[in-house]
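Let me begin by presenting the structure, written as structure tokens, before commenting on it.
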């Protein structure tokens, strides 16, 4: 079964390692005066607790947290543990990998609204799911369509962020690569914000190819769960420290690139093809951000997801989800027992390709190679110019081959062929040294001999 690898943060990241006893003690110390009537509170971990007779509150598990809700008149009730099937962000991610979550979601084309003056494939629509997670709620309430003014929603910029960032990505592909239909002819750009409460992820939802009445789309959770015992600071578990996914141009570009790759290649999302899918989403997403900021190779930080981490936890959590420049060194979180597992050389690649984790671990090899190519072309060069043109030409070459599978070695070979083909153009945009830079980069990461 194909894996929908469009979740920005991989499932293996969501492994809470907080000491259960410590959390239990925190709940034991609960003071009723700290709670407000009808307010909801969360703490990291998944277990249940029997409410005591002198407390007018009910504790029950959802996610990797205990949810505490206070009510005016609720009798204490005894609940059973463990609760294996409680809905959780982690479970939602796992369900997605099992191809269950995406199968039940449908975005009807009839719900969209576009101006006649703009081509459909260049038009944006943003919906607000209003914190629902149920398939029948999709796509939510249409909040902003192409050409409409920004919403004035104090404290909630998500719709406008989604609209603006989709527009930047659209312009990036159009102006840099001449791609006027990122997702394919007649396929609009659809974003959906506020998926579920605290859902710490974003993903690309691909429509059923047989369903012409539906469209694909970007879906964003909000992340950043909070802890009432620490002035509503983000909870101290890795997933809980990520948030504002739609506010990151890099993440929006990453997910839209998944859609672009699917449109061009129908590339499989398992094993090494899955690693390639993620690699392309990372590097094109990074190029888009660098293009928007007009950064040189030397100016850019080459970090993925650094703007998602709550400020209060940047020191604790490390500084990014992934590092293209130095795979394996994006984070090392002793408190949570989590270390960046990405590899940057074929000799260290994860061999069990059936494990979904390998997709994210092994993509580091290709990310590193792209960085080395960009670096070899000069510190003042721009990643989307020569390196980006080579990678995009390689995508087109892979498309002509008509294969839905491509491994790391195969992709390396295709980038070299693409570079050589660009050199043969009547007005070549690259030089022989650039072709050699591509070859040398793949040699340095152990892919080519």
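Placing dummy labels 7 Å off each Cα toward the beta-carbon, the span from residue 208 to residue 185 is 2.5 nm. Between residue 424 and residue 117, full extension at 0.36 nm per residue minus the direct alpha carbon distance yields a gain of 106.6 nm. Take each peptide in 424-436, 122-134, count the other Cβ atoms within 10 Å of every residue, and average; sorted highest first, the result is 122-134, 424-436. Each Cα pair under 8 Å and six or more residues apart adds its separation to the average, and for the stretch 364-449 the resulting relative contact order is 37 percent. Taking a ≥ b ≥ c as the square roots of the eigenvalues of the Cα gyration tensor, the stretch 252-311 is classed as prolate, since a/c reaches at least 1.5 and a/b is larger than b/c.
Counting only DSSP beta bridges with both residues in the stretch 103-444, the antiparallel share comes to about 70 percent. Could you tell me whether the stretch 128-170 comes out rounded, prolate or oblate from its Cα gyration tensor? Rule is a ≥ b ≥ c as square roots of the eigenvalues, rounded for a/c under 1.5, then prolate if a/b exceeds b/c, otherwise oblate. Judged from the Cα gyration tensor, the stretch 128-170 comes out prolate (a/c at least 1.5, a/b above b/c). Based on the alpha-carbon gyration tensor of the stretch 103-444 and its eigenvalue square roots a ≥ b ≥ c, which shape applies: rounded if a/c is under 1.5, prolate if not and a/b is larger than b/c, or oblate? Cα axes put the stretch 103-444 in the oblate bin.
In terms of surrounding Cβ atoms within a 10 Å radius of their Cβ, 354, 322 rank from fewest to most as 354, 322. All alpha carbon pair distances within the stretch 352-424 were sorted into 5 Å bins beginning at 0; the resulting P(r) in whole percents reads 3, 15, 23, 23, 18, 12, 5, 2, 0. Cβ crowding within 10 Å ranks 347, 323, 358, 137 as 347, 137, 358, 323, fewest other Cβ atoms first. Between the alpha-carbon centres of the stretch 143-184 and the stretch 329-380 there is a gap of 30 Å. The tail of the calculated P(r) for the stretch 314-438, taken as Cα-Cα distances beyond 22 Å, holds 45 percent of the pairs. Look at 284, 177 and count the other Cβ atoms within 10 Å of each Cβ; fewest to most, that gives 177, 284. Summarise the long-distance tail of P(r) for the stretch 151-227 by giving the % of C-alpha pairs beyond 20 Å. Result: 44 percent of Cα pairs exceed 20 Å.
Just so you know, all these numbers are worked out from the coordinates, no wet-lab data involved. Only a predicted model underlies this, so the values are computations on that prediction, with no experimental measurement involved. So basically every Cβ, Gly included, is an ideal-geometry build from the backbone, and we count neighbours across all protein chains shown.
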